[in-house]
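Below is one structure, written out as structure tokens; the observations come after it.
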Amino acid sequence: MTFTKEQFQTAIWLLVGIAMVLLLVILGPVLMPFVTGAIIAYMLNPLVDRLCHIKIARRTLPRFIGVLIAMLLLLASILALSLIVLPLMQNEIPLLGEQIPRFLDQLNAYLAPRLLEYNIQIQLDSDSVKQMLSHRLAQSSQKITAGILESVKVGGTAVIGLIANILLIPMVIYYLLVDWHAIIKRLHLSIPRRWVGKTTDLIKETDNLLAQYLRGQLLVMLVLAAYYSCALTLAGFSVALPVGILTGLLVFIPYLGFGFGLCLAIIGAVLQNDPLHGLLMIAIIYGTGQIMEGFYLTPRLVGKRIGLPPLAVIFALLAFGQLFGFIGVLLALPAAAITSVAFKHVRALYYQSSFYTAS
């Protein structure tokens, strides 16, 4: 059996492609900051392009200045989110240990008479719970301190690697954004000429899908942040503003974001003077928020642009979290959108192939 020159070259380049994929799998941990930086750079590129069209004294803004402005805005957003979360957790966790026993007393006073009607006797010992919580909280802080010291002493390499990744990601973002259009041009030139049209259409479709998704998701986040902040404030929660803003902004992490915001709200409800009333208000506010998001905001502003069923979304979160850690969870849906477009085209090619249609 003889191969034509074109078939031989195709086989060679196919083997080269497989070898490159295997190399990427082997180098997975090393590639994490580069993959993360590339995805963030893709998200920031439209903003940089807009900034570069701004004219100052009849001259357009240099691209590297636009890149620096976009990165500073991203850094400011991350710092603002951290300043919302960390003080909230630092202030509420110690108070939680003091408030839970009082909440258990109220719960016991509410449930005990009703359970007695069914000959069920349950008595919640709030003093024991308070003592246990105090011990656990103190023990947890000691364990955290010991764990940090142990990681510095034993796992110094891992700590250095983490710091290197944190410093490397901004560098990757900067250099990718500065040379973004030149990199895209070189990638376009590297595509085999017979595949240029189909590949370009695939890239445009993916880019359009991601752009629509990100714009719609940003609007959903802002609307929900305003809703939760206002609703919690009207319900009389002392931590309404930070918890409401955080819950709305974390919506872009499906399930996990809403769950984290709900946990913070429940903690805030337990710390209220009337915890049972607070928990009831949380159930109403967050239940209404979920209905509003699921049946109105997301279908109207985002729609089914990604087209992933719930199980596929959960799998994407777990898979990208396993590959790239917490950053992978944050970027799971955009990456899954790219995968879904590619899979749709591969499936269409499969249905059109003689392998499928032959009887």
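A short reminder: the numbers here are calculations on the coordinates, not readings from a lab. All of these numbers come straight from a predicted model, not from anything done at the bench. Cβ atoms come from the backbone with ideal geometry, glycine included; neighbour counts cover every protein chain shown.
Numbers for the structure displayed
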read-out: ASP49 versus LEU241: modelled label distance in nm, points set 7 Å from Cα along the beta carbon direction; value: 3.7
read-out: Net length gained if the chain between LEU23 and CYS263 were fully extended (0.36 nm per residue, minus Cα distance); value: 82.3 nm
read-out: Full-stretch length increase - ILE12, ALA38 - with 0.36 nm per residue and alpha-carbon distance subtracted; value: 6.5 nm
read-out: Hz values of 3J(HN,Hα) by residue in the stretch 238-252 - Karplus curve (6.51, -1.76, 1.60), Gly and Pro given as x; value: 6, 10, 4, 5, x, 5, x, 4, 5, 4, x, 6, 8, 4, 5
read-out: Protection proxy ranking of 240-248, 163-171 - average other beta-carbon atoms within 10 Å, highest first; value: 240-248, 163-171
read-out: Sequence of VAL270, VAL30, VAL67 once ranked by neighbouring C-beta atoms within 10 Å, starting from the fewest; value: VAL30, VAL270, VAL67
read-out: Sorted by Cβ neighbour density within 10 Å, fewest at the top, the residues SER353, SER229, SER190, SER340; value: SER190, SER353, SER340, SER229
read-out: Sequence ranges 257-269, 12-24, 279-291, 45-57, ranked by mean other-Cβ count within 10 angstrom, highest first; value: 257-269, 279-291, 45-57, 12-24
read-out: Rough spin-label spacing in nm, given labels placed 7 Å along Cα→Cβ, for ALA80 and GLN322; value: 3.6
read-out: Tail beyond 15 Å, pair distance distribution of the stretch 205-261 (Cα, percent); value: 51
read-out: Computed FRET value (nearest 0.05) for ALA283 with LEU68, which takes r as the C-beta separation and R₀ as 45 Å; value: 0.50
read-out: Leading residue at positive end of dipole, the stretch 166-281 (Cβ point charges), from LEU210, THR199, LEU189; value: LEU189
